[in-house]
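Below is one structure; the comments refer to it alone.
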Ligand code: C2O
Ligand code: CU
């Protein structure tokens, strides 16, 4: 297939409409019901942005400005955090730290900021997160490249994990002791874009860009594709050299952009499998090939995306900090007599979500390079997220990772460590926390101050 055919195949592509530049849009939070399981099962009561789980897919182009009026129709306060976007601190959506909560029963807040980086991001509440995210509040935020790579379809797959009972009701045990002190709320039902899906229809010879977002409270995914070799082209929205090592692992909040070339035969069917937890593998869905003749016979190499304008940390001059995550079951859990409901610590400190004092764990000089050694001194996985910055992931357990891997969330295996480095170039108070939401709410969070 030559370049011209490739481009004309691309012209037929259907993507969600983008917003006109500068337009203000609305996100309204309200209870809703949605057929998550389908079949004979009743719909599930959820909380939703604009009536659906996931909420609306927001698409912008790099360099555009997002203006979003949020109106809270729930009977609890909320905020919206724009995960992975380098926003000004006042737009970061952290209650009491960067803004007052958006009041229940009609409170409003206008978020407005520029989108400096292309990539796959997402939005979600930052208040009462175990329950608010666990009930369905999140959505995709896609920032398209100025010069996006040619693909036939550009698709977002939001992965959610639910704990449902036999009537498909969401079990209302959010933030319970067992979940909080162990692996977090891992459920029993995984949905893709808000429903259990049997199949994803493809055509032989098609090139699809799949943007995975793990919007689950606690579940980690390890996805592989029978008979296919996709290429990972971005992690947490940030370009990486195209590669594939058999599967992609995504902790909570993490994203991966894959180029899936549909190389199998017309009429064939192939499983997409999640086997992160080795004793509980399951089929997420099938790639279901239509009988149509292949769209093309050969594929160009997977595209390399242009890097985002993120400052390179100066590793020779970087100031080094060691941050130790502790606690949890089988670990040094804080005394429940003194710290009720706090199960996790950062550098030995037990801070609960209800403590709004938020004294910074670290104060960083503006523009300085920093290297954090993140130490997981627990028996559990922790996806650690830093707000307001994108960091380089240098190593995991002393082993260098791919050159130039960037991210906003790094998954720490039990009893392991990772090194990240970044330039502290965004002034303000920024959260550093575990994105297992039950861990975050029960102590695994801290504030990093970047001087103005
Ligand atoms: Cu995706 Cu502090 O959050
Ligand atoms: Cu954690």
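The values are calculated or read from the model by the stated rules, or taken from the named source; none is laboratory data. Being a predicted model, the structure only gives us computed values, none of them experimental. FYI the Cβ positions are ideal-geometry reconstructions off the backbone, even for glycines, and counts take in every protein chain you see.
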Out of curiosity, is residue 121 within 16 Å of ligand 1 (Cβ to nearest atom), in a strand (DSSP E or B), over 30 Å from residue 168 (Cα atoms) and in contact with a strand residue (DSSP E or B) (Cβ under 6 Å, 6 or more places away or on another chain)? no
Positions within the range 57-69 being farther than 13 Å from residue 144 by Cα and surrounded by fewer than 18 Cβ atoms within 10 Å (Cβ to Cβ), in sequence order: 67, 69
Across the range 5-61, what is the total count of residues that are at pLDDT below 95, in contact with a strand residue (DSSP E or B) (Cβ under 8 Å, 6 or more places away or on another chain) and in a loop (DSSP other than H, G, I, E, B)? 11
Scan the range 402-452 for residues that are within 16 Å of ligand 1 (Cβ to nearest atom) and touching a helix residue (DSSP H, G or I) at 6+ places or on another chain (Cβ under 8 Å) and report the count. 12
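Please find, among 305, 364, 285, the residue that is modelled with pLDDT of 95 or more, surrounded by 13 or more Cβ atoms within 10 Å (Cβ to Cβ), closer than 24 Å to residue 98 by Cβ and in contact with a strand residue (DSSP E or B) (Cβ under 7 Å, 6 or more places away or on another chain). Don't jump to the end; show me each part of the working.
Values: 305 fails: closer than 24 Å to residue 98 by Cβ; 285 fails: closer than 24 Å to residue 98 by Cβ.
Checking each option against the conditions leaves just 364.
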Exactly one condition in (1) more than 16 Å from ligand 2 (Cβ to nearest atom); (2) over 20 Å from the mean Cα position of the chain (by Cα); (3) surrounded by fewer than 18 Cβ atoms within 10 Å (Cβ to Cβ); (4) farther than 23 Å from residue 179 by Cβ is false for residue 370; which is it? (3)
With the checklist (1) touching a helix residue (DSSP H, G or I) at 6+ places or on another chain (Cβ under 7 Å); (2) crowded, with 20+ Cβ neighbours inside 10 Å; (3) in a loop (DSSP other than H, G, I, E, B) in hand, flag the one item residue 137 doesn't pass. (1)
The range 380-399, residues that are within 19 Å of residue 369 (Cα to Cα) and more than 16 Å from ligand 1 (Cβ to nearest atom): 392, 393, 394, 395
Take the conditions at pLDDT 95 or above and out of contact with any helix residue (DSSP H, G or I) (no Cβ under 8 Å at 6 or more places or on another chain) and apply them to residue 76. Does it pass? no
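Has the range 76-88 got any residue that is free of Cβ contacts under 8 Å to residues at least 40 places away in the same chain, more than 15 Å from ligand 1 (Cβ to nearest atom), under 25 Å from residue 436 (Cβ atoms) and part of a loop (DSSP other than H, G, I, E, B)?
Taking every residue of the range 76-88 in turn, none turns out to be free of Cβ contacts under 8 Å to residues at least 40 places away in the same chain, more than 15 Å from ligand 1 (Cβ to nearest atom), under 25 Å from residue 436 (Cβ atoms) and part of a loop (DSSP other than H, G, I, E, B).
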Take the range 304-353 and flag every residue that is within 16 Å of ligand 1 (Cβ to nearest atom) and under 19 Å from residue 438 (Cα atoms). 325, 344, 346, 351, 352, 353
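Within the range 89-96, is even one residue part of a loop (DSSP other than H, G, I, E, B) and away from ligand 1 (no atom under 16 Å from the Cβ)? I'd like the intermediate steps shown before the answer.
The initial filter retains those residues of the range 89-96 that are part of a loop (DSSP other than H, G, I, E, B), namely 92-94, 96.
Then drop every residue that is not away from ligand 1 (no atom under 16 Å from the Cβ), which leaves none.
Within the range 89-96, none of the residues are part of a loop (DSSP other than H, G, I, E, B) and away from ligand 1 (no atom under 16 Å from the Cβ).
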By residue number, the members of the range 381-397 that are within 14 Å of ligand 2 (Cβ to nearest atom) and in contact with a helix residue (DSSP H, G or I) (Cβ under 8 Å, 6 or more places away or on another chain) are 382
Say whether the condition of being surrounded by fewer than 23 Cβ atoms within 10 Å (Cβ to Cβ) and either within 16 Å of ligand 2 (Cβ to nearest atom) or closer than 30 Å to residue 38 by Cα (or both) is met by at least one residue in the range 90-99. no
Which of the residues that make up the range 110-130 are farther than 30 Å from residue 207 by Cβ and surrounded by fewer than 21 Cβ atoms within 10 Å (Cβ to Cβ)? 110, 112, 113, 114, 127
